[in-house]
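Bear in mind these aren't lab numbers, they're just calculated from the coordinates by the rules spelled out. Bear in mind the structure is a predicted one, so any value in this text is a computation, not a measurement. Cβ placement follows ideal geometry from the backbone for every residue including glycine, while neighbour counts extend to all protein chains displayed.
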C-alpha cells in the first residue's frame, strides 16, 4: 500500500485557498462501539477519487488512507452491535425517530463537506454531488418519521375464533450486517442504514469498498447525534473480506447483500444459512427513487401475543 | 384399580376407506412413479402397513413442477373471486369429510382422535375459509393495488400435523394465485393423498395442486428444481439450513418454519390450576411432536415444590394408548426413528444427572410408545434443556427473578414460542416484550388460529404463516 | 400431607384451629383469601370443556349412572309443596324405578324446613338422608337470629343435613368475617340438642351465579371450609345461572387443595341445571380426574337435582334392555 501511495498524485484539495497554508488532512478511522479505532490489523488502503461517474475509484487522485478492516474488526463490530441492541431496540420509537432526525440536522450543517466527499468519491460535479447529499439528508428525515409508524403498518390485531386478545407487532431482527452498495457511496449507504436502525436493529456496515470516505465521515455525524455507540458500526476495506466473517457469524441475525456481486452474494447466502440469517439479496436499485417500505420491513420479526379474555 | 374405569370408546375405523396403494397426484391424475418405486406407510400405534405409496423420483418431480407451471398460467389469471370460491368449496368438503379425515390422520400419524377431531380438522377447514376470503381482497392487504403471485410453490411438510400443515401451505398459496407441488412427510402421506381427492370433488383445475410422495430425496429434488419460484418448508432446523443453502443465489423466495425449545415460564402468582393445564397441553399435546411445544418449564423457585406436586398429580391422569380411543390423551410416537431419538435424549438427560419421573402407565406391546416424562434438576447446560426432543418429555428448570427468567428463556438458538403465567398484567407485557420468540402465549399455550401469524425468530426459521402476514410469503413483494 | 379426616368429624375442628390465624380478624382473612391463586376463566372453562368430551360407554356408563343416582339430593323446593308431594318424592327416592328394584336409592331428599318431619317419617329405615334448606333460603336476607332459629328448627325436626345460603351481599362488599361468623354459628346450630353430641351435616351454598367471578367462587370455597362447612354447594337452583362445569371445577380444586393443606376432606354439591345423564356423567368425570376415587361416593359428592333422576332412569333402562325408554316408563313427580 505504502509503495503505491508514493506514486499517486497529491490530493487536489490538499492545499487551502491560501496557498501559503498547508491544510490539515484527516485520518479516517473505523467506527466501532461509538469509538474511532484504527484497524486492529494496522492495515490501510488508499482511496482515490473516482475516475468516472460510475464511481469506480482506484486510479484517480489520492484522497486518504482508509483502514483496511480485518476479520477481527468485523468480530469486534458485531460484539459492539450486540451490546447496543438491548438499549436501542428498547428505546421508544419516538426517541429513535428523534435521533434519526438529529442525524439529518447534523448532516445539514456539514452539507458542503459531504458534497465534496461524495463528489470525489463518485466523480460527480458540485451540483450533482450536492443533490445527492440533499437526497440523503431527506432520506434520514423520511425514515425518522417511520419510527413510530412501522408497527402500525406491519402489525395487526387478529380476530381469532376464541376468547383471546391477539396482537401481532413487528420487532427488530437483531444485529444486521449491511454491505453498503458499491455504486452509491452516500445516498445508497444511508438508504441501507436508516431503515435498518430506525426499527431498532443494530448494524455492522461494510462501506463501499472503493469509496468508503463518506461512510467514515458519516460515522462522525452519527457519533454526535445522540445515537448510542454500537448501533451503527462502520468498517472500510475489502467487502468480500469483511463480509465473509459477518455472513458466517453466529451472532449476526441478518445480512443485506446490497454491496455484493452475484458470485459473492451466493457464497455469503450459503454461509448465512448456518444460523438462518435473514438475507436480503442484491438487486438493482435506483437509490434516488422513492425507497418504499421494502428495506424497512426486511429486518423485522413478527411477534404475536395471545392472552385470554375472561373475568 | 380405580372405581371409575372408562370402558374403551373407540372411534370407528369404518368411516375411512384406505386403498392398498396410491400413486402420485400430478396434473389431476394419480400415476405411479416413473421408476415404479413404492414405500409403505405404517400405523405407528400397531406397526400395521396401511398402504403403499409411490416414491417420486427426479422425473416425477419434474413432471409435477411442469404441470404446476402450466396450470399457473390460467390459475393466476382467474379473478380472485373465482379462486376464492374453489377454496371455499375445499373448506366445506373438509368439514363434510372431517370425521373420515380425523380417523385417517390418527391412523397414519398416531395422534389421539380427540386431537385430530377437535384440533387438527377444525383448524384445517378454518384455514381454507380464512384464505379463501383473501383471494379477492389482495389489493387491500398492503402490498399495492395488484400484488402478483410468485408462480410455482414447492412445499414440504412434516409428519406432526400432516393435514394442518398442508392447509397452512396450500391455502395461502392458492389464494394468492400460485400453484403448488407439495410433498407430504414420508411417514404420513395419506391425508395429503385424500386431499387430492377433495381437490377432485371441488373441481379444482388440473395441475393447481400436485402431490408428490417420497422421502427426503424427493424433497431435495423439489427444492433444487429450477422451475419453482418459492420454497415453503416446515420441519427440522437442520433441513431448513440445507434448504437455505440450496436456494442461495437463486430468485426462489423461501419461508421456513423450523424447530423450537420454548420456555414456558411460571411465576409464583400464576393462576396455578390453569398453568398446570397449560404446561400439560404445552408439552404433551400431540405427543410433544410440536415445534412450538413448551418443552422447557421455567418455574419460579418459590413455587417449585407446589407446582411439581400438582404437575405430577395431573400427569397421573393422562391416558396413553390407542389413538382411536376417544379418551386417549397421548397417542403413539410417529415412527421408530423418532422414538429412538426421544429415548436417546431422555437417556442423555438421566446420564447428565437430571432426575427422571414418569407416571405409572401401561404401554401397548406393539407400536411406538413413550410415556409422558418429566425431568427435574435440569440446568441450561443439559442436552435436554437445549436440544429439541420432539416428544412427550418436559425439562424443568427454575429461576428467581423476571430478569433471570428472560435470560434463560432467550438462551437458545431457537425462537419460536414462549409462555408466561402470571396474574400481573404489567409483568406479562414486560416479559412478552423481552422474549425473543415469534409467538408468546400468556396465561395460555398452544393456541392456533388461521388469523394469527405463526413463525419464529433466529434458528426457528423465517417468514410467517397465517393471518395477513402469511400472504407475504406467496406474493411477489 | 396431613392424614385425612372428614369435615364432619370431631378432629376436623382441631385441624381448623391450626388455621385460626387466617381467620383472626377481617384483615387477616381478606389477605388470606386474596392471596389464593387466581383463576383464569378461559383456561378453566377450556379444561372443563375438555373433560366434557370424555366418552363414557357400556360398563363405565352403567357404573356412572348408578353412581349418579346414588348421589342425588332429590329436591322439591316449591311454594306449593305439600306433605303429599314430599311423601311421593320420598317414595321415589327409595325406589326410583318401580320396574327395576336393582336401581339404587338416592342419597337424600331435600326440602324446606317445614317438610322435614314429613320426609323423615316417610324415609324411616331407608337410609336416605333428609336435607333441609335453611337460613332464609334462597335469598339469605334475614337477621342472623332468624337464620339460626331456622336452622335449629330444621335440626330439631330431624334434618340430617342443612343446606344454608351465604350472605352474598356481605361477601360481595368484602365483609368476609361476617360471612365466616355466620357459617360458624350456623354450624353450631347444626348440633342436635338431644344430647347425642351429633350434628346435622352442613352444606354451604354460595349462589355462584351471583358471585360472578371464579376468583370469588374460590375465595368463598375457602372461606366456607375454614368456617367448618362439611359440603360446599354451588347454587340454590333459584337464580338464572346455577351449577356449571367450570364453577364446579373450582369447587373441586378448592376441596382438593384444602385437604392438602389441612387434611380435612369436604364434599361438593353442584345444584341446579343438571338435567341429563350426559351432564351428570360429565360432572363425575370431572370429580374422577380432579379428585379421584376418594370423592366418588355419596358421602362426598352430591347432585342437587330433581328431573335428572328420570333421565338417569331412562338411560339405565336403555342400557339394560337395549331400546330407548320414554317418559311414560318413569314416574312423574
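List of remarks:
- Most mobile listed residue (C:63, C:283, C:176) in chain C, GNM with C-alpha springs under 10 Å: C:63
- Nearest 10 degrees, 0 to 90: helix C:83-94 Cα axis against chain C principal axis: 80
- Gaussian network model of chain C, springs between alpha carbon atoms under 10 Å - residue of C:205, C:109, C:128 with greatest fluctuation: C:128
- Compactness of region C:28-73 as Cα Rg over 2.2 N^0.38 Å, two decimals: 1.85
- Of C:12, C:224, C:261, the one that fluctuates the most in a GNM where chain C has Cα springs shorter than 10 Å: C:261
- The value for region A:87-134 of Rg(Cα) / (2.2 N^0.38 Å) is 1.50.
- Note on B:420, A:99, B:384: ascending count of other Cβ atoms within 10 Å places them as A:99, B:384, B:420, the fewest first.
- Think of it as helices only: each DSSP H run of n ≥ 4 in chain C is worth -39500 (n - 2.57), and spread over all residues that comes to -14000 deg cm²/dmol at 222 nm.
- C-alpha center-to-center spacing [region B:206-243, region B:376-442] in angstrom: 32
- Percent of Cα pairs exceeding the 33 Å cut-off, where the set is chain A: 24
- Per-residue Cβ neighbour rank within 10 angstrom, fewest leading, A:101, A:143, A:45: A:101, A:45, A:143
- log10 of Debye I(q)/I(0), alpha-carbon scatterers only, for the protein assembly as shown at 0.07 Å⁻¹: -0.75
- Cα-only Debye scattering, chain B: base-10 log of I(q)/I(0) at q = 0.07, 0.12 Å⁻¹: -0.35, -1.04
- Counting other Cβ atoms within 10 Å as a rough exposure proxy, the listed residues B:128, B:454 run B:454, B:128 from fewest neighbours to most.
- Rounded to 5, percent antiparallel among DSSP beta bridges of region A:29-308: 55
- Centroid-to-centroid separation of region A:172-203 and region A:252-309 [C-alpha atoms, Å]: 10
- Between helix B:80-96 and chain B: long-axis angle, C-alpha atoms, 0 to 90°, nearest 10: 50
- Inter-centroid distance (Cα atoms) of region B:329-354 relative to region B:5-55, Å: 26
- Sum of -39500 (n - 2.57) over DSSP H runs of 4+, divided by residues of chain B (222 nm, nearest 500): -11500 deg cm²/dmol
- √(5λ) per eigenvalue of the Cα gyration tensor, region B:197-286, largest first, Å: 37, 21, 11
- Of all DSSP beta bridges confined to the protein assembly as shown, the antiparallel ones make up roughly 30%.
- By DSSP, the beta bridges lying fully in region B:263-442 are antiparallel in about 10 percent of cases.
- Ellipsoid semi-axes for region B:263-442, based on the Cα gyration tensor and the rule √(5λ), read 26, 17, 15 Å when sorted largest first.
- Descending Cα extents along the principal axes, chain C, whole Å: 60, 45, 37
- Based on Cα contacts under 8 Å between residues 6+ apart, chain B shows a relative contact order of 18 percent.
- Chain A: angle of helix A:262-272 to the longest principal axis, Cα-based, in degrees nearest 10: 50
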